[in-house]
Amino acid sequence: MTHAIEAEGLVKRFGETVALDGVDLVVPAGTVLGVLGPNGAGKTTAVRILATLLTPDAGRASVGGYDVRADAVAVRGLIGLTGQYASVDEDLTGRENLVLIGRLLNLSRPAARARAAELLERFELTAAGDRAIKTYSGGMRRRLDLAASLVGHPRVLFLDEPTTGLDPHARAEVWQIVRALVADGATVLLTTQYLDEADQLADLITVFDHGKVIASGRPDELKRRTGGQTLQVRPTLVSDVDQVATILSELTGSAPNRDDDTGLLTAPVDDPVLLSAVVRRLDDWGITVDELALRLPSLDDVFLALTGHRSTQDDLELEGSPA
């Protein structure tokens, strides 16, 4: 199987609201697709259709080669789903939660206990396995929620805003887990509010807006499509900032942006060869720098260019909302 997820012309309406308006998706097996878009763009609706929780009004979709409408039971046997909020029972222990899910998936009692022990060890929760979930930290709950979605050995995993509300350390833990899952052969569809998260994890990115796919490609492709590169220079000595600004103006043809607090100078460039010219000019003047780099536009720049505004907390699609 080449593609783990395929969708063509998906349409979904909620009354007068068109949540999806002809969405196409293709996710190769063993990759991570990052899905970005502003609030109401249709990301969560698409996930719910692919996870067989909603039925599309038009179009077709398949997961693992099974049609999400005609073969919904088979699809559910292949997938795992982790939403924005933990779906485990806080009054049970971590181990009891995992055993319960295993039993619901028709594992024998010994097999369910063995799978629970395996996942607790994999997610570094063995020491907390016999504690009630209500005593877990946010990061521990999220790890257990991910573990719960893996009890049935899913080939395709849907992660809908999996790190919302987590601190940077806990987010990094989730990233490590996702990378390990993909290394083991899983396919992941990830919706996220964090553009750096998509940049770190996604092999491919699809951007939704107003129920349509408005851009798709690898992160570096989308960045290049947005515009040229940016040259960043930070002189070691503050006294050299003015001279470096002059050098950049002469070489790029425009005055660079400057941050007087940090001494960082930035200028757009269309030709990467310009970096060599900057190095030579700095050497001619005997100027040393702490930072000298060319960078592609960020995913935030991509988001701005494609949707007309930067990604903010207001762009979240609330769990439980139709889109």
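Just so it is clear, none of the values below were taken in a lab; they were calculated from the coordinates. All values reported here derive from a predicted model rather than from experimental measurement. Every residue, glycine among them, receives a Cβ derived from its backbone with ideal geometry; neighbour counts consider all protein chains shown.
All alpha carbon pair distances within the chain were sorted into 20 Å bins beginning at 0; the resulting P(r) in whole percents reads 28, 46, 22, 3. Where only DSSP H runs of four or more residues are counted, the chain gives -10500 deg cm²/dmol as its mean residue ellipticity at 222 nm, each run worth -39500 (n - 2.57). Here the Gaussian network model covers the chain, with springs between Cα atoms less than 10 Å apart; of L159, L204, L292, L292 fluctuates the most. Evaluated over the Cα positions of the range 48-107, the convex hull gives a direction-averaged projected area, one quarter of its surface, of 5.1 nm². Can you work out the base-10 log of I(q)/I(0) for the range 65-188 at q = 0.14 1/Å, using the Debye formula on its C-alpha atoms alone? Once normalised to I(0) and log-transformed, intensities are -0.58. Hull volume per residue, based on the alpha-carbon atoms of the range 142-231 and their convex hull, is 130 Å³. Ranked by the mean number of other Cβ atoms within 10 Å of their residues, highest first, the peptides 140-152, 68-80, 191-203 fall in the order 140-152, 191-203, 68-80. Taking every C-alpha pair closer than 8 Å and separated by at least 6 residues, the mean separation divided by the residue count of the chain gives a relative contact order of 22 percent.
Classify the range 1-79: rounded, prolate or oblate, from the alpha-carbon gyration tensor (a ≥ b ≥ c, eigenvalue square roots; a/c under 1.5 rounded; otherwise prolate if a/b is larger than b/c)?
Working: a/c = 1.98, a/b = 1.36, b/c = 1.45.
Cα axes put the range 1-79 in the oblate bin.
Amide H contacts of V289: T236, each under 5 Å away and 5 or more positions distant or on a separate chain (H built 1.01 Å from N in the peptide plane; Pro and chain starts excluded). Proximity of backbone amide H atoms, modeled 1.01 Å from N, is registered between G152 and no other residue at under 5 Å, excluding neighbours fewer than 5 places apart on the same chain.
Couplings 3J(HN,Hα) for the range 107-124, derived from phi with the Karplus relation 6.51 cos²θ - 1.76 cosθ + 1.60 (θ = phi - 60°), are 6, 5, 4, x, 5, 5, 5, 5, 5, 4, 4, 4, 6, 4, 5, 4, 9, 6 Hz, where x marks Gly and Pro. Just so you know, the Cα atoms of the range 1-158 work out to an Rg and Dmax of 17.3, 51 Å. Counted over the chain, the DSSP beta bridges are approximately 70% antiparallel.
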